[in-house]
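Notes to accompany the following structure.
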């Protein structure tokens, strides 16, 4: 029986000859961490692609079954959802910096809009509204220094640019 070493494709191998034990462990841990980050990134990219393909297949299947056009019908929203979307839109337009979801929620509560201010699930409504504004292209998101998701309004492209020119 042969005991020759054959590495598995994609497996990380570390030469452990001539090094102290601590360095060997540190090298193994470091290479494992690098590979883990790369695999997690690939997994997230694959998950996004799978979601897009599922949505595409579902849309095509529905079109074949119903004989409808490929353009989906617009969703009907409740009055409260529309009010939360409008409130989020206004808060983002008035903001001077990107805001977190909780900051947007607090700004809406401070606005004293009677129909939505006392909603116990306002935070969830704000999350849905921000997703809607992102899909519509009215808002975008990024991360702040602490790694928290922040949101900001997208400038209207049709609006004229105005710059103050120093004299």
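Go over the candidates 107, 32, 83 one by one and state the one that is modelled with pLDDT of 85 or more and either outside the structural domain of residue 124 (by TED's automatic domain parsing) or more than 25 Å from residue 146 (Cβ to Cβ) (or both). Spell out the reasoning first.
Values: 107 fails: either outside the structural domain of residue 124 (by TED's automatic domain parsing) or more than 25 Å from residue 146 (Cβ to Cβ) (or both); 83 fails: modelled with pLDDT of 85 or more.
Result of the check over 107, 32, 83: 32.
Matching residues to (1) in a loop (DSSP other than H, G, I, E, B); (2) modelled with pLDDT of 85 or more:
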position	(1), (2)
112	yes, no
120	yes, no
125	no, yes
129	no, yes
135	no, no
141	no, yes
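Would you point out the residue of segment 15-28, among those that are part of a helix (DSSP H, G or I) and surrounded by 10 or more Cβ atoms within 10 Å (Cβ to Cβ), that is modelled with the lowest pLDDT?
Result: 23.
Filter segment 90-105 for residues that are over 18 Å from the mean Cα position of the chain (by Cα) and closer than 17 Å to residue 142 by Cα and give the result.
91, 93, 95, 96, 97, listed by residue number.
The values are calculated or read from the model by the stated rules, or taken from the named source; none is laboratory data. Computed from a predicted model, the values in this text were never measured in an experiment. Heads up, the Cβs are rebuilt from the backbone with ideal geometry, glycines too, and the neighbour counts pull from every protein chain shown.
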